[in-house]
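A.B. asks: Questions regarding the structure given below will be posed in turn.
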């Protein structure tokens with residue numbers, strides 16, 4: 001049974017600029033927004049858009065991600081025909097190879113796509129926070145009679161040199177592609193989301209693989225080749241919320257934006273576009289009589305006895321009486337003991353912050369760093385962690401790190 | 001079988017004691033009454049069974065069971081979507097000769113063929129009016145060690161007020177046990193009215209499957225109705241009935257007041273861990289977002305599920321999924337079920353709102369601690 005469109009989700013990214021947070025897990029598995037992981041967004045978008053077949057290409061530290069995806073049931077992707085499939089690099093008769101680039105990752109799984117014989121293939125990135133209706137994108141692709149379409153965002157001109165830019169004519173047809181140019185001719189930045197006609201994708205991936213000079217990358221090789229051959233390429237304008245949470249500060253910022261859906265545009269409270277996730281299975285959260293909770297998001301399993309302001313607590317976080325949390329992202333299972341002060345920082349999963357310890361500080365003049373504590377770390381009683389610190393090993397009682 | 005499997009099958013009676021809380025079972029049955037912010041009553045027994053390696057569970061429904069079927073689905077959330085065993089729901093007219101039942105004897109006689117065809121050695125039976133994290137493994141082990149024919153779980157407590165108010169036989173039966181030093185049951189009292197601490201039956205049983213089939217067969221032919229009153233009680237000399245004492249935390253629903261109190265008791269951390277710490281409790285997933293406390297919100301001593309938006313004040317309350325408390329609203333000592341909305345400047349106290357209730361702007365509603373107000377599903381005040 002042929003599918004109209006299937007999705008290939010690139011989830012092999014290491015996310016090296018998230019340092020301590022991605023030492024043991026791939027970037028798409030990084031927790032986000034209280035009860036989600038980043039990959040929940042593209043997966044939920046697929047299901048909400050009517051795509052029921054998704055290949056997830058993994059490579060870097062896949063264990064957490066594999067277990068999280070499981071059989072795909074939380075996203076309704078446990079299907080008789082299709083559904084979600086995790087696709088790591090594998091051994092073939094001709095040998096085995098790691099995925100050399102984004103295009104090579106898809107190339108190595110051409111036979112997976114072949115099984116479903118789709119008309120279209122959408123290539124997604126597993127490390128962006130975005131709510132997007134891919135069926136709308138496909139409609140555009142069909143209306144234009146395109147062979148390749150790319151989703152683009154308008155960015156401020158002064159930021160344009162940081163992106164891959166699409167130069168288009170008045171019909172949105174792409175005439176030129178500029179990768180991080182000094183003199184941008186366009187402010188339409190590629191979101192790294194592409195729709196290909198399946199025959200075109202296959203042809204260009206095979207051709208690209210035969211070129212020993214190629215980096216096997218969509219942006220650097222496939223798109224320039226399509227342009228060279230004057231293919232029908234169009235840019236689809238997307239204007240919703242989109243964030244590449246590639247750095248500590250952008251991850252922190254995106255979490256904070258969740259707290260202000262009225263202004264930021266990232267609304268998780270949308271019954272018509274639910275974001276699905278694997279459930280923690282914990283009881284409802286408890287706010288004690290001693291607690292103060294302001295402008296925050298709190299989920300199942302949390303126990304709050306202290307003060308929580310403008311922060312996000314993930315499943316099972318405990319905040320003892322007398323602890324203060326402000327502008328912080330505290331991930332699942334972490335414990336903040338009494339008297340601890342935790343500000344303007346990211347605390348990863350299963351961290352313990354000892355009594356009267358101080359982590360991070362509110363921005364003041366030049367110092368506006370987001371202190372980061374890696375998963376499973378123990379911060380001793382009375383320890384001090386500065387606003388620019390990146391901690392991935394235990395800190396003893398009373399010790400200071402800046 | 002490896003020892004994760006307890007060689008027992010489970011049978012749950014979801015309609016038992018419906019009549020004790022007529023308000024809440026108007027649109028549902030005992031088993032699907034919402035409890036503890038994100039659960040339904042049946043979740044506790046079902047999860048306990050699953051956690052004890054019982055993966056073949058039959059639910060014998062009688063009436064008003066749509067909400068329960070919706071909740072249980074294929075049983076996936078409890079890991080009961082199994083090729084062998086798993087979850088089976090028996091509606092009253094499932095087979096040619098079956099009909100709605102009154103007591104357990106009739107209910108079980110409707111599924112005798114099923115019981116005969118199973119392979120498990122033991123049968124575990126339970127109602128759903130008690131929220132408890134129950135160790136069926138321990139009970140089965142004690143059952144085997146004691147050499148008993150039947151084991152019945154009980155706890156030591158005073159009889160709840162609710163049962164005194166019931167007319168004999170009109171609202172379901174309750175039992176207390178008289179035990180000898182080996183905890184063999186010597187006498188079963190039906191609907192006793194004496195005060196003081198009793199060995200209060202939890203109506204949870206372990207019994208050999210073959211023996212159960214025999215007993216039910218005989219009892220049904222004689223036109224008997226209730227398992228405890230008609231089958232066990234007259235045969236205490238002949239049958240070795242063993243009492244299994246339960247000392248853990250339990251929440252027993254015996255009327256609307258106890259429903260209110262048992263929810264509120266979970267605001268105490270000790271009780272909450274008593275109910276939830278021993279083993280996980282599973283429930284249907286709704287995929288709500290985390291609960292959001294907007295600037296200006298004041299929350300003190302509450303338990304809340306996901307999906308709530310709180311902008312007003314809330315104190316000493318239990319909030320189920322998707323509750324909205326708007327700016328200026330004040331909520332105190334309330335149980336607000338799924339998707340209740342308390343609009344601007346409304347004030348509510350000692351209120352139990354069923355699903356999808358809206359308290360419109362500026363309204364004031366107050367019950368008392370001995371008589372909480374109840375607002376039925378879907379109503380707008």
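A.B. asks: Round to the nearest 0.05 the FRET efficiency obtained for residue A:90 and residue B:366 when R0 = 56 Å and r is the Cβ-Cβ distance.
C.D. replies: 0.25
A.B. asks: For residue A:111 and residue A:179, calculate 0.36 nm times their separation in residues minus their Cα-Cα distance, and state this gained length in nm to one decimal.
C.D. replies: 21.5 nm
A.B. asks: How large is the Kirkwood hydrodynamic radius of segment A:50-136, counting all unique pairs of alpha carbons, in Å?
C.D. replies: 14.4 Å
A.B. asks: Rounded to the nearest 0.05, what FRET efficiency is calculated for residue A:139 and residue B:184 with R0 set to 60 Å and r the Cβ-Cβ distance?
C.D. replies: According to the calculation, E is roughly 0.20.
A.B. asks: Count, for each residue of A:267-279, the Cβ atoms from other chains sitting within 10 Å of its Cβ, then give me the mean as a whole number.
C.D. replies: Mean number of neighbouring Cβ atoms from other chains: 3.
A.B. asks: Roughly how crowded by other chains is peptide B:295-301, in terms of the mean Cβ count from those chains within 10 Å of each of its Cβ atoms?
C.D. replies: The per-residue average across the peptide is 6.
A.B. asks: Follow-up. If you take every DSSP beta bridge fully contained in segment B:292-375, what fraction is antiparallel? Give it as a percent rounded to 5.
C.D. replies: For segment B:292-375, the DSSP antiparallel bridge percentage is about 0.
A.B. asks: Further, regarding this structure: Would you mind estimating how fast the protein assembly as shown diffuses translationally, via Stokes-Einstein at 10 °C and 1.306 mPa s with the Kirkwood radius over Cα pairs, in µm²/s?
C.D. replies: Reported coefficient: 54 µm²/s.
A.B. asks: How high is the relative contact order of chain B, given as a whole-number percent (alpha carbon pairs under 8 Å, six or more residues apart)?
C.D. replies: Worked out over chain B, it gives 15 percent.
A.B. asks: Give the Kirkwood hydrodynamic radius (Å, one decimal) of segment A:118-253, defined as one over the mean of 1/r across all pairs of different Cα atoms.
C.D. replies: 15.5 Å
A.B. asks: Report the relative contact order of segment A:315-402, percent, no decimals, based on alpha-carbon pairs under 8 angstrom and at least 6 residues apart.
C.D. replies: Normalised by residue count, the contact order of segment A:315-402 is 22 percent.
A.B. asks: Return the percentage of antiparallel bridges among DSSP beta bridges fully within chain B, rounded to the nearest 5 %.
C.D. replies: 35 percent
A.B. asks: Further, regarding this structure: Compute the angle between helix B:41-51 and the longest alpha-carbon principal axis of chain B, please, reported from 0 to 90 degrees and rounded to the nearest 10.
C.D. replies: For helix B:41-51, the angle is close to 50 degrees.
A.B. asks: Hey, what's the Cα Rg ratio for chain B versus the globular rule of thumb, 2.2 N^0.38 Å?
C.D. replies: Ratio of Cα Rg to 2.2 N^0.38 Å: 1.01.
A.B. asks: If packing is taken as the average number of other Cβ atoms within 10 Å across a peptide's residues, how do A:179-191, A:34-46 rank, most packed first?
C.D. replies: Packing proxy ranking, top to bottom: A:34-46, A:179-191.
A.B. asks: Is the C-alpha gyration tensor of segment B:292-375 telling us rounded, prolate or oblate? Criteria: a/c under 1.5 is rounded; beyond that, a/b larger than b/c is prolate, otherwise oblate.
C.D. replies: Rounded.
A.B. asks: For peptide B:83-90, compute the average count of partner chain beta-carbon atoms within 10 Å of each residue's beta-carbon.
C.D. replies: If you average over the peptide's residues, the count of other-chain Cβ atoms is 0.
A.B. asks: Rounding to the nearest 10 and keeping the result within 0 to 90°, find how far the Cα-based axis of helix A:198-210 lies from the longest principal axis of chain A.
C.D. replies: Taking the Cα atoms of chain A, the angle to A:198-210 is about 90 degrees.
A.B. asks: Here's another thing I want to ask about it. So what is the orientation-averaged projected area of segment A:180-336, using the convex hull of its C-alpha atoms, in nm²?
C.D. replies: Averaged projected area of segment A:180-336's Cα convex hull equals 14.1 nm².
A.B. asks: For the pair residue A:231 and residue B:96, how long in nm is the line joining their label points, each one 7 Å along Cα→Cβ?
C.D. replies: Placing both labels 7 Å along Cα→Cβ, they lie 6.6 nm apart.
A.B. asks: To continue, here is another question. Rounded to the nearest 500, what is the protein assembly as shown's calculated 222 nm mean residue ellipticity when only DSSP H runs of at least 4 contribute -39500 (n - 2.57) each, over all residues?
C.D. replies: Mean residue ellipticity, 222 nm, calculated: -5000 deg cm²/dmol.
A.B. asks: Give me B:198, A:263 ranked fewest to most by other Cβ atoms within 10 Å of their Cβ, as a rough exposure proxy.
C.D. replies: Listed from fewest to most nearby Cβ atoms, that is A:263, B:198.
A.B. asks: Could I ask something else about it? As I understand it, the value is the acute angle between the Cα axis of helix B:256-265 and the longest principal axis of the Cα atoms of chain B; what does it come to in degrees, rounded to 10?
C.D. replies: The two axes meet at around 80 degrees.
A.B. asks: Hey, what D do you get for segment B:24-181 in µm²/s if you plug the Kirkwood alpha-carbon radius into Stokes-Einstein at 20 °C and 1.002 mPa s?
C.D. replies: It comes out at roughly 123 µm²/s.
A.B. asks: Nearest 0.05, what FRET efficiency do residue A:250 and residue B:118 give at R0 = 60 Å with Cβ-Cβ as r?
C.D. replies: The pair residue A:250/residue B:118 has a calculated efficiency of 0.60.
A.B. asks: Can you pull the one-decimal nm distance between simple spin-label points at residue B:269 and residue B:373, each 7 Å off the Cα toward Cβ?
C.D. replies: Output for this residue pair reads 3.4 nm.
A.B. asks: Which value in Å does the Kirkwood hydrodynamic radius of chain A take, with 1/r averaged over all unlike C-alpha pairs and then inverted?
C.D. replies: 22.3 Å
A.B. asks: With a 10 Å Cβ neighbour count serving as the proxy for reagent exposure, in which order, fewest first, do B:326, A:22 appear?
C.D. replies: Ascending number of Cβ neighbours within 10 Å: B:326, A:22.
A.B. asks: Let me ask something else. Just to be sure I understand: with springs between alpha-carbon atoms less than 10 Å apart, which residue in B:12, B:285, B:325 has the highest mean-square fluctuation in the Gaussian network model of chain B?
C.D. replies: B:285
A.B. asks: What's the percent breakdown of Cα-Cα distances in segment B:160-304 across 10 Å bins, shortest bin first?
C.D. replies: 8, 27, 30, 21, 10, 4, 1
Where a number appears in this text, it was derived from the coordinates with a stated rule and is not lab data. Quantities reported herein were computed from a predicted structural model and do not represent experimental measurements. Virtual Cβ from ideal backbone geometry, glycine too; neighbours counted across all protein chains shown.
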